[in-house]
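> Here it is, the structure, as structure tokens.
The values are calculated or read from the model by the stated rules, or taken from the named source; none is laboratory data. Model, not experiment: these values are computed from the prediction. Glycine gets a Cβ as well: all are built from the backbone with ideal geometry, and neighbour counts include every protein chain shown.
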Amino acid sequence: MALEAVRAIWGAVELVEPAVVGRGLLGHEPDDAVQGVMRILGARHLVQAAAVGLTGGRLHGAGGVVDLLHAGSMVALAAMDARRRRTASVSACVALTFAVAEFAAAARRRRVRGTLH
């Protein structure tokens, strides 16, 4: 449940204070368009944290896939838009970090369930 708590906090901060996240990760205040996208991503993180938490972790693998898709879209954006390259690259790194954590949590859950049966 720690992963869901971290994701929920991250999502809440992105949703409520995207400029703070932007300044912390990018070193400058993101423009309005980036802040709007960050708010959308923050809401997605909150929904994902709730979905995984409410299902007892059964959706960790699916959450990892969602994070990988997000990371892939950010890599594509970084390749196509030099102005957004740094922002997209940072977002891809955050998404990949969450993906690794989700897949690790899914693997732990499978191991624990395997020892219980």
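> Out of the range 27-71, which residues are surrounded by 14 or more Cβ atoms within 10 Å (Cβ to Cβ) and of a type in the set (S, T, N, Q)?
Q35, Q48, listed by residue number.
> Among the residues of the range 72-93 satisfying the criterion of being among the charged types (D, E, K, R) and either closer than 25 Å to R108 by Cβ or touching a residue at least 40 places away in the same chain (Cβ under 8 Å) (or both), which is surrounded by the most Cβ atoms within 10 Å (Cβ to Cβ)?
Looking at the filtered set, the residue picked out is R84.
> Pairs only if they're at least six apart or on different chains, beta carbon under 6 angstrom, first in the range 96-117 and at pLDDT 95 or above, second in a helix (DSSP H, G or I) and among the aliphatic types (A, V, I, L, M); list them, first residue then second.
Once the first residue is at pLDDT 95 or above and sits in the range 96-117, its partners that are in a helix (DSSP H, G or I) and among the aliphatic types (A, V, I, L, M) give L96/A71; A99/L68; A101/L3; A105/L3.
The rows are residues; the columns are (1) touching a residue at least 60 places away in the same chain (Cβ under 8 Å); (2) farther than 18 Å from A104 by Cβ; (3) among the β-branched types (V, I, T).
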{"position": "V16", "(1), (2), (3)": "no, yes, yes"}
{"position": "V21", "(1), (2), (3)": "no, yes, yes"}
{"position": "G24", "(1), (2), (3)": "no, yes, no"}
{"position": "G27", "(1), (2), (3)": "no, yes, no"}
{"position": "D31", "(1), (2), (3)": "no, yes, no"}
{"position": "V37", "(1), (2), (3)": "no, yes, yes"}
{"position": "V66", "(1), (2), (3)": "no, no, yes"}
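> Mind telling me which of the residues E102, E17 ends up being in contact with a Gly (Cβ under 6 Å, 6 or more places away or on another chain) and among the acidic types (D, E)?
Answer to the selection: E102.
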